[in-house]
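Notes to accompany the following structure.
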Amino acid sequence: VTEIDLHITENAREHHTDRYDLTQKSKDAELVIRRGQPFLMDVTFNRPYNIELHDLYLVFEIGDSPNSRAGTRARMILDEEGKKPSGYNIWHARLLKREKNTIYIEVQASCESIIGEWSLAIDTKLQGNNDKFDRYIHKEDINIILNPWCKGDTVYMPDEKLLNEYILNDKGAVFKGSSKSCYATNWFFAQFEDGILETCYQILRKGNNYKYTTALADPVKIARQLTYLINGQVLVGNWSGDYSGGEKPTHWKGTDAILEKYAQTNGEPVRFGQCWVFSAVTTTICRALGMPCKSVTCIGSAHDTDESTTIDQYFLPDEDGKLKKSSNLTSDSIWNFHVWNEVFLKRTDLHDDKFDGWQVIDSTPQEASSEDLFEGKYACGPASVGAIKNGQCSRAFDAKFIFAEVNADVTKWKKKGWEWVIWEVDRKKVGTRILSKDPDGKSLSGRNGSLTYSASLRHDVTSDYKYREGSSEERKAVLNAGLASNIYRERGYIDAKPKEVEIRMRDFDKVLMGEDFTLSFDVENTTSGSVGLDYITVSISTQDYTGSVHGVYFEKEYPGMMIKANSVQTLNVQVEADMYIKHLTEQGDMEAVVIAKLKDTWDDFIHLTDNFRLGWFDIDIEGPEKVKVGEEFEVKLSFKNSMPVTLTDCKLSWEGAGFYKEENVKISDIAGKSDWSFKVTIKPKKRNSDGELIVSLDCNELPDITGKLDIAVY
């Protein structure tokens, strides 16, 4: 052999890998192929290849001590008759044609092969001479990744249109917010950028003790391993509010900056992340490796700490006999939102195809797993979405915890004498909406922020996780989950006692940070007689998105009321900006707690806890619609600061598909209630007809002020 031609451009196009920077390098480009799918190769010799005289072997190897029994070596003789492989799961090479000193061959890597960087060698010899080989070693690696286009691969996805989103889309969004206000944050997944695929391999190797085993061929094991590796190994979680020694989680707008920093520091975990960052990084790694993946947000996500599949809340009377919620008696909580991932897999380990398809995996470190090799470690999933919907929580992995996240009953306890008794069960508080980006294969249209984000751009997957709230199917799923839980409590799963009086908070009008607002609570009497209330107390606090209360800034007792039969009265609560401005948290989340006492009773109370979020302004970006690679251009950034305070320690960052990134560019303070504008120079990096520029501003008072501009790079 004198040379080989791997037809990198043509093969990459056929294998849907032509967008990897690795395949586009002008020097030392590498082939990226998907297992189970043939690719073409030309081999040129110093003389014509004679099938009567010569034999040719292709040798693929990975790792330090490759051998065929371990799946780290594949040696195949060229099929000179040109027969196609008998299945997707075998290594095969066949002759297509001969022309002078060159032969044209087709090669297939098994759909069960280990993923990673394989070496390629070609052995040639005279037939009958088993001792003497001439070996040609190709100097560049052959990258073999998972193949969701191949029916034999366990990541196979039948609907190819969805692969435009869940494999090929490098632009997207993660959702945040509360039941009253949901919004999207644009994210650059960057799975095709220079160095990303190699870093993904590095992460997997590290998790496998730098050994190549069949675990790196099994998507179920890869997915589970990633949930453990990404938290602590790749990203450090931090919910303390003190981010010294790293970046605020809200700083990140793309995965490339995170994985680039990880690679530059030889695998030091990057500081810091929270759930949406963990999820976005997981999406990037899975898509880069060929596993269909999406980020999923659960609004009202329960955090069950004792595997009871319920959320327990405890209420005690204060000195005046008024009921107060206690945070000292349980570690259970309800996050305003939580972001995890779904991956599309065949669950060969469960031996039942009804559990195939979308699987939940979660890289955020919440509760240690109690299953398999990861017992006691922060790993979560994969768990079948179908199993979760039906409460089949004994199915691997970590289904009890995930079921509680989406469908736990909130059990409210109060002290009666010396005993704790169940006072109320709220079955609608958890998993109010479960959302993902619309799978259209495009970037998120429109601009960021709760004020301008269109609901039509999100994909509601709530019905994938749970039956209609309160239906017999949903109650049966809750019963199934309860029976599989560590702590089973009898609480009448099927029949719920209707409340005589209900309190509901109206949908919250879109209000910007720094503005006054009004909360409206409807108090409804569902009985045929009048009902009286002695008093109503309302408290409002700022809180982290994890449900942790920062500080009560509004507390007031309102006089009682008499509510006629089958009627509604409304209580309006006025809140001024000066009350909350000093107590704001990173996401702008707030919690309202309403407790009312029924007349002529000793200890009958009505309780409501609801969450809402103040919005904030977006960055408007003015710039060209088209730019040229390498030619700098200018964009104008602007917004109106609705806050009555000056924004201090302001830093700009930008990145996106097709552009060089820039981080933490310091700019001047921005006065309260003022119009701000600023011009920055951007440099296009590579051609991208769907280029997307994401700009964010961080400051002490408000993080995550963001804008997006679609710009084609040619």
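The values are calculated or read from the model by the stated rules, or taken from the named source; none is laboratory data. Bear in mind that the values here come from a model prediction, so they are computed numbers and not experimental data. Because the Cβ atoms are built from the backbone with ideal geometry, glycine has one as well, and the counts that use them run over all protein chains shown. Surface accessibility is based on the protein's heavy atoms, side chains included, excluding ligands, DNA and RNA. Shrake-Rupley method; radii C 1.70, N 1.55, O 1.52, S 1.80 Å.
Take the Cβ atoms of D194 and H138, set R0 to 30 Å, and the FRET efficiency comes out at 0.90. The structure-derived value of mean projected area of the Cα convex hull in nm² appears in the list [x] 38.2; [y] 34.0; [z] 44.8 under the label [y]. Taking a ≥ b ≥ c as the square roots of the eigenvalues of the alpha carbon gyration tensor, segment 589-677 is prolate, as a/c is not under 1.5 and a/b beats b/c.
Here the accessible area is traced with a 1.4 Å probe on the protein chains. For segment 15-145, carbon and sulfur cover 43 percent of it. Quick one: pull the percent of accessible area on segment 163-228 belonging to carbon and sulfur, 1.4 Å probe, ligands and nucleic acids left out. Of all accessible area on segment 163-228, carbon and sulfur atoms account for 45 percent.
Per residue, how large is the accessible surface of the chain? Use a 1.4 angstrom probe and give square angstrom.
So the chain comes to 42 Å² accessible per residue, rounded to a whole number.
Shown for segment 539-683: the carbon plus sulfur share of the solvent-accessible area, taken with all protein chains present and a 1.4 angstrom probe, equals 45%.
Within the same chain, lysines fewer than 8 places from K636 are excluded, and of the rest, those with a Cα less than 17 Å from its Cα are K626, K651, K661, K666, K679, K683, K708. Subtracting the Cα-Cα distance of S472 and T214 from 0.36 nm times their residue separation leaves 88.6 nm of extension gain.
Using 13 Å as the cut-off for backbone N distance, which residues of segment 266-289 belong to the label zone defined by a point 7 Å from the Cα of K651 along Cα→Cβ? Backbone N within reach: 271-272. For K97, a cut-off of 30 angstrom between C-alpha atoms picks up these lysines, skipping any fewer than 8 places away in its own chain: K25, K27, K83, K84, K125, K132, K139, K151. Based on C-alpha pairs under 8 angstrom that are at least 6 apart in sequence, the chain has a relative contact order of 9 percent. When the trypsin sites (Lys or Arg not before Pro) in segment 660-714 are filtered for DSSP coil states and for at most 12 other beta-carbon atoms within 10 Å of their beta-carbon, the remaining sites are K673.
Placing a pseudo-label 7 Å from each Cα along the Cα-to-Cβ vector at I581 and D675 gives an inter-label distance of 2.1 nm.
Among the trypsin sites (Lys or Arg not before Pro) within segment 8-108, those in coil by DSSP and having at most 10 neighbouring Cβ atoms inside 10 Å are K27, K83, K100. Going by a ≥ b ≥ c, the root eigenvalues of the Cα gyration tensor, does segment 193-253 fall in the rounded group (a/c under 1.5), the prolate group (a/b larger than b/c) or the oblate group? Since a/c reaches 1.5 and a/b is larger than b/c, the shape of segment 193-253 is classed as prolate.
In segment 190-291, which trypsin sites (Lys or Arg not before Pro) are in a loop and have at most 15 other Cβ atoms within 10 Å, using DSSP for the loop call? Of the trypsin sites (Lys or Arg not before Pro), the ones in loops of segment 190-291 whose Cβ has at most 15 other Cβ atoms within 10 Å are K211.
Within a straight-line Cα-Cα reach of under 23 Å, K414 can be paired with the following lysines, leaving aside sequence neighbours fewer than 8 residues apart in one chain: K322, K324, K325, K428, K429, K497, K499, K556, K597, K599.
For segment 235-377, what class follows from the C-alpha gyration tensor (a ≥ b ≥ c being the square roots of its eigenvalues): rounded when a/c is under 1.5, otherwise prolate if a/b is larger than b/c, else oblate? It comes out oblate by the Cα gyration axes.
Subtract the Cα-Cα distance of D21 and A368 from 0.36 nm times their separation in residues, and report this length gain in nm to one decimal.
My answer for the length gained is 121.2 nm.
Full extension of the segment from R504 to E632, taken as 0.36 nm per residue of separation minus the current Cα-Cα distance, would add 40.7 nm. The accessible area of W420, taken with all protein chains in place and a 1.4 Å probe, comes to roughly 80 Å².
Using every pair of distinct Cα positions in segment 212-290, the Kirkwood expression returns a hydrodynamic radius of 13.2 angstrom. Rounded to the nearest 10 square angstrom, L350 shows an accessible area of 20 square angstrom against a 1.4 Å probe.
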